[in-house]
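Shown next, in structure tokens, is the structure this report addresses.
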Amino acid sequence: MHPWTRIAAFGAVSLAMTQVVYAQAITPELKQRTLERLQQTVSTRAFVPGVDFAKWPAFLQKQQGDIDKATTLPAFTNVVNTALREFGISHIRLFTPKAAQQRRTGTQLGFGFSALPEARGLAISAVVPDSPAAKLGLEAGDIITEIEGVKASAMPNAEINETSLLTVLRPSTGKQRYCMILRGQFSTDRSPSLKWVNEETALFKLWSFTRGYDRALVEKLLTEAAPAKNLIIDLRGNGGGLVSNLNHLLALLCNPDTPVGTNVTRQMAERFASEVGGDAKDLAAVAKWAGPSSKTRLQKVTPFKGRIFVLIDRRSGSASEITSAVLREERGATLIGKPSAGAVLVSIFAPLNDGFEVQIPLSDYITPKGRRLEKNPLVPDFEADAPSPRLESDPAVDIVLAQLAKPTKPLPAMLAKVKLPAAKKEDPKKMFDGVKP
């Protein structure tokens, strides 16, 4: 894979899992090398309309005292990221060598579960498949009442403890057990899934547009969902990923040639200013002048023709937000849940020195209808609380079913325009020559 990997987002909004933070020492020489490479990359590559990246030295100077005090890689990286946040944008972040490796491999070292405080201790909200927690049989809904014999009030620290003795209550049975959890390596990749809510409604869950996004599996699942009258697309907790993957998904849900929006680049903004005398900071005007950067392409799978609902929350970022916005604007989809992250910039991960890596933005994004999503979260049509292990049903899905119980409205007229070239008697293989899904 080319080291400059173009993506829409990575981990800006991600499931919190206990994991190890390696406290390797850092030398003044390594700090200097890293800051020099970072300065070069930010000043020559980063671009967001209206953002002055020439201010980076001043932002860094404000943190110089803490940079000098930092003695470990994580401490140094945290201080640098504090300076980077001064730009007030998403998708700009320094990664330690270990964090960069974990991002590339999709693995973490830790216990593999997340939990939220409650009266009896910590309620497990999610368990990563094949993690140490999963291998012990822990499940969402279990209550950790004690850790090392003390009432549980905070997650066990995987940085300090290789093992933790847990007292676990399973409310569904009332049984309590003791278990020793051992820190281990596990994959954070999660595959998409499909389930049927009822005979007419299918639910497609997508965890990420990066690792775990298997195009063949996505096509297979959406083919299975084709008979459904209604499709729920669950993008809650999906922090984003590859632009090419969001384009692939949209092509399975929208007519061919549906606009996906405009990526406003440095060159585009400069041309708009020089050729028509426009304001390069007026992103909607730039996007209208330039036209869409991409449109959906014809796939081997017929686009889904039924009604679409999209579930979002505050962890739905970047590629998830683009997908949700396009489906709302071009497909008449209904959004349900909580406001999204409002973190939408097209970015790359650029390698620096000694294993360090930086994520920097290259362009802004404007929806087909002219809306900027960076710092402008999508507001759902209907608000719904997050699902809870203590509830038998999902509040967002309940709202979908309630809407479906109401008198139906005619589907958007655009859906009647789906015409695939199947009527032509051509060799199917030739029909898709040159089309890269």
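The values are calculated or read from the model by the stated rules, or taken from the named source; none is laboratory data. Just so it is clear, the structure is predicted and the values come from calculations on it, not from any experiment. Methodologically, a virtual Cβ is constructed for each residue, glycine included, from the backbone with ideal geometry; neighbour enumeration extends over all protein chains shown.
Of everything in the stretch 204-252 that's assigned to a strand (DSSP E or B) and in contact with a helix residue (DSSP H, G or I) (Cβ under 7 Å, 6 or more places away or on another chain), which residue is surrounded by the fewest Cβ atoms within 10 Å (Cβ to Cβ)? Give the derivation first.
Keep residues of the stretch 204-252 that are assigned to a strand (DSSP E or B), which gives 204-205, 209, 230-234, 241.
If we keep only those that are in contact with a helix residue (DSSP H, G or I) (Cβ under 7 Å, 6 or more places away or on another chain) as well, we get 204, 209, 230-232, 241.
Values: PHE204: 24, PHE209: 29, ASN230: 20, LEU231: 22, ILE232: 25, GLY241: 25.
Per the criteria, the residue is ASN230.
The condition (being at pLDDT 95 or above and under 26 Å from the mean Cα position of the chain (by Cα)) is satisfied by just one residue among ARG93, ARG33: ARG93.
Just one of the listed residues (LEU298, LEU335) is at pLDDT below 95, of a type in the set (A, V, I, L, M, F, W, C) and not in a helix (DSSP H, G or I), namely LEU298. Quick check: anything in the stretch 321-338 among the acidic types (Asp, Glu), closer than 30 Å to SER172 by Cβ and not assigned by TED's automatic domain parsing to the domain that holds VAL48? No, the stretch 321-338 has no match at all. Selection of first residues in the stretch 113-138 that are under 24 Å from SER191 (Cα atoms) and of second residues that are surrounded by 21 or more Cβ atoms within 10 Å (Cβ to Cβ) and charged (D, E, K, R), restricted to Cβ pairs under 6 Å at least 6 apart or on distinct chains, gives the following pairs, ordered by first then second residue: ILE124/ASP142.
Taking the stretch 363-390 as the range and being in contact with a Ser or Thr (Cβ under 6 Å, 6 or more places away or on another chain) and either surrounded by 19 or more Cβ atoms within 10 Å (Cβ to Cβ) or at pLDDT below 95 (or both) as the test, the residues that pass are SER363, ILE366, PRO377, LEU378. Would you check which residues across the stretch 61-98 are part of a helix (DSSP H, G or I), small (Gly, Ala, Ser) and closer than 30 Å to PHE186 by Cβ and list them? Once the filter is applied, which keeps residues that are part of a helix (DSSP H, G or I), small (Gly, Ala, Ser) and closer than 30 Å to PHE186 by Cβ, the stretch 61-98 yields only ALA75.
Results for (1) touching a strand residue (DSSP E or B) at 6+ places or on another chain (Cβ under 6 Å); (2) at pLDDT 95 or above; (3) closer than 25 Å to THR323 by Cα, shown as yes or no for each residue.
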{"site": "THR167", "(1), (2), (3)": "yes, yes, no"}
{"site": "THR173", "(1), (2), (3)": "no, no, no"}
{"site": "CYS179", "(1), (2), (3)": "yes, no, no"}
{"site": "GLN185", "(1), (2), (3)": "yes, no, no"}
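Could you check the stretch 253-266 and list, in sequence order, the residues that are farther than 30 Å from PRO227 by Cα and crowded, with 17+ Cβ neighbours inside 10 Å? Residues satisfying the conditions are THR262, ASN263, VAL264, THR265.
When the stretch 131-147 is filtered for residues that are within 24 Å of the chain's Cα centre (by Cα), modelled with pLDDT of 90 or more and assigned to a loop (DSSP other than H, G, I, E, B), the ones remaining, listed by number, are SER131, GLU139.
What residue, among those in the stretch 338-353 that are of a type outside the set (A, V, I, L, M) and either at pLDDT below 95 or part of a strand (DSSP E or B) (or both), is farthest from ASP381 (Cα to Cα)? Outline the logic, then answer.
Our first condition is that a residue be of a type outside the set (A, V, I, L, M); within the stretch 338-353, this holds for 338-340, 342, 347, 349, 351, 353.
Retained after the next criterion (residues that are either at pLDDT below 95 or part of a strand (DSSP E or B) (or both)): 347, 349, 351.
Numbers: SER347: 29, PHE349: 34, PRO351: 40 Å.
The qualifying residue farthest from ASP381 (Cα to Cα) is PRO351.
Out of all the residues in the stretch 267-277, which are surrounded by 16 or more Cβ atoms within 10 Å (Cβ to Cβ) and either basic (Lys, Arg) or not in a helix (DSSP H, G or I) (or both)? Full working, then the answer.
Restricting attention to the stretch 267-277, the residues satisfying the condition of being surrounded by 16 or more Cβ atoms within 10 Å (Cβ to Cβ) are 268-269, 271-272.
Selection gives ARG271 alone.
Could you tell me whether GLN101 is outside any loop (DSSP other than H, G, I, E, B), closer than 23 Å to SER208 by Cβ and in the same structural domain as VAL48 (by TED's automatic domain parsing)? Yes.
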